[in-house]
1. May I ask you to list pairs of residues, at least six apart or on different chains, whose Cβ atoms are under 9 Å apart, with the first in segment 148-170 being part of a helix (DSSP H, G or I) and the second being open to solvent by 10 Å² or more (accessible area, probe 1.4 Å) and among the charged types (D, E, K, R)?
2. Among the helices (runs of 4 or more DSSP H) lying completely within segment 301-370, list those that include at least 2 residues that are free of Cβ contacts under 8 Å to residues at least 24 places away in the same chain, surrounded by fewer than 16 Cβ atoms within 10 Å (Cβ to Cβ) and aliphatic (A, V, I, L, M).
3. Kindly provide the set of residues from segment 230-244 that are of a type in the set (Lys, Arg) and either open to solvent by less than 20 Å² (accessible area, probe 1.4 Å) or free of Cβ contacts under 8 Å to residues at least 60 places away in the same chain (or both), ordered by number.
4. Residue check, ASN225 against (1) open to solvent by less than 10 Å² (accessible area, probe 1.4 Å); (2) over 28 Å from ILE329 (Cβ atoms), all met but one. Which one?
5. Quick check on my filter: what residues within segment 245-279 are of a type in the set (S, T, N, Q), assigned to a helix (DSSP H, G or I) and in contact (Cβ under 8 Å) with a residue 60 or more places away in the chain?
6. If I filter segment 132-155 for residues that are open to solvent by 90 Å² or more (accessible area, probe 1.4 Å) and at pLDDT 85 or above, do I get at least one hit?
7. What do you reckon, is TRP219 open to solvent by 90 Å² or more (accessible area, probe 1.4 Å), modelled with pLDDT of 85 or more, under 17 Å from the mean Cα position of the chain (by Cα) and of a type in the set (A, V, I, L, M, F, W, C)?
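The values are calculated or read from the model by the stated rules, or taken from the named source; none is laboratory data. Computed from a prediction, not measured in an experiment: that's the story for all the values here. Note that we place each Cβ from the backbone using ideal geometry, even for glycine, and neighbour counts take in every protein chain shown. The protein model used for the area step is the full one, side chains on, heavy atoms only, and it has no ligands, DNA or RNA in it. Shrake-Rupley method; radii C 1.70, N 1.55, O 1.52, S 1.80 Å.
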Amino acid sequence: MNKLKKRKLILIFIIGLLLMLITIYKKSYIHEYEIIQLIDGLSLKLKKNNIYDYNNFKYNFIKKICNKPWLALYTSNIYFVNISLGGLLFLIIQYISKSKWSLGLIKIMESIISFFPFGGMNILILIILNYLGINNIFYLKILNKKNIISFMKKWIISFLYINGINFFIKRICEKEKDLKKKRKYSVLFVIFFSLIFPFIGWNWIMFFHLDWISTIFNWYLIGTNLVLGISLISLLSICLNKKKVFLNFKKKHLHNLSNYLFSASFLWCYFLFAQFLLIWYSKIPEETLYYSNKILNLKNLEILLIIINFIIPFLCLINNKLKQNKKIIRFLCLNILIGNYLNIYNLITSENMSGLGMEEISSFIFIGSLFLIKLKNFLIKK
């Protein structure tokens, strides 16, 4: 049975890889009609009555269309890296607080964390490909001295961050068996994480919006990581228990996980609103423009994100009886995982892209299958 399931995962991985390669190949050879449609759409948005300078717009749109598969790949990779980080943060919380109820869930948390080294290296590869000019994720237009220095800084900080977290993962999850030493490394990790995470939030995600600066964006990202990590831990625990693999999963585990899920979704919404409130109250013109454009262009998506990531979990988890229902919690976990993918897609993808398409689906299948293969291999070994 395990061999059959592993074969299925490998098959899904191959399908995802082939679909992704097809989308990259297709976008490399753009039809003239597709560019005309995009320029016509932009001219209508700008209310210019379809009068435009075709030659000025053409080159920019060719770059955006060719870049879409790479941007989708980057979005999926960041999404699964955030899930791994969320699992690590949740594990750190358990060690620092000396929680006993979560001891049975540690192997599940560690299996989620096991993807991070691989996902982190994928990000470094995409940064190098950007530097070589194969993709244009980070908008490196001219290879002058200033751009090269800033790009190398980005790469060095990312490299230190990924290797630093890998060091703590080995100490906390693999090498150390003494709980006291694990707690000591957990405290050291929190210090390391709080010092270097702001640079990563700005370099990996907020860099896509050069016209916007948020002082609490990194806290918002931590909230996103936590809610993603807790959702997947809960979902895996329920699914493994249903298949009679994880028999130690009891009602107290479900109750505590649902409480954490409730508080994490509240934290996510609090930072989302606080981020907006700070900009609105301080009346910063540059940042107000960013939000006004978002509300005008992506109003339906912004409302959908609040409904999926906050209103639905709030209405379900406020009832103590529903907290004990495995089907409800399983539905909520899937709901939050989908909602936060849309949230990360919204943060990374530029506003004038043509929405979710085959690029996003193929890259999600490709990275998602790699994530599941890594997770399954870890659980089998342990």
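1. Hits for this filter: LYS170/GLU176.
2. Numbers: elements: 312-317, 320-323, 326-348.
Helices (runs of 4 or more DSSP H) meeting the threshold: none at all.
3. So in segment 230-244, the residues of a type in the set (Lys, Arg) come out as 242-244.
Within segment 230-244, LYS243, LYS244 qualify.
4. ASN225 satisfies every listed condition except (2).
5. Result: ASN256, SER258, ASN259, SER265, GLN275.
6. Residues of segment 132-155 open to solvent by 90 Å² or more (accessible area, probe 1.4 Å): 132, 134, 141-143, 145-146, 153.
Those left that are additionally at pLDDT 85 or above: none.
There is no residue in segment 132-155 that is open to solvent by 90 Å² or more (accessible area, probe 1.4 Å) and at pLDDT 85 or above.
7. Numbers: open to solvent by 90 Å² or more (accessible area, probe 1.4 Å): yes; modelled with pLDDT of 85 or more: yes; under 17 Å from the mean Cα position of the chain (by Cα): yes; of a type in the set (A, V, I, L, M, F, W, C): yes.
Considered against the rule, which asks whether it is open to solvent by 90 Å² or more (accessible area, probe 1.4 Å), modelled with pLDDT of 85 or more, under 17 Å from the mean Cα position of the chain (by Cα) and of a type in the set (A, V, I, L, M, F, W, C), TRP219 comes out as yes.
Residues checked against (1) hydroxyl-bearing (Ser, Thr, Tyr); (2) closer than 30 Å to ILE162 by Cβ:
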residue: ILE196; (1), (2): no, yes
residue: ILE200; (1), (2): no, yes
residue: TRP212; (1), (2): no, yes
residue: THR215; (1), (2): yes, yes
residue: ILE222; (1), (2): no, yes
residue: LYS243; (1), (2): no, no
residue: LEU247; (1), (2): no, no
residue: HIS253; (1), (2): no, no
residue: SER263; (1), (2): yes, yes
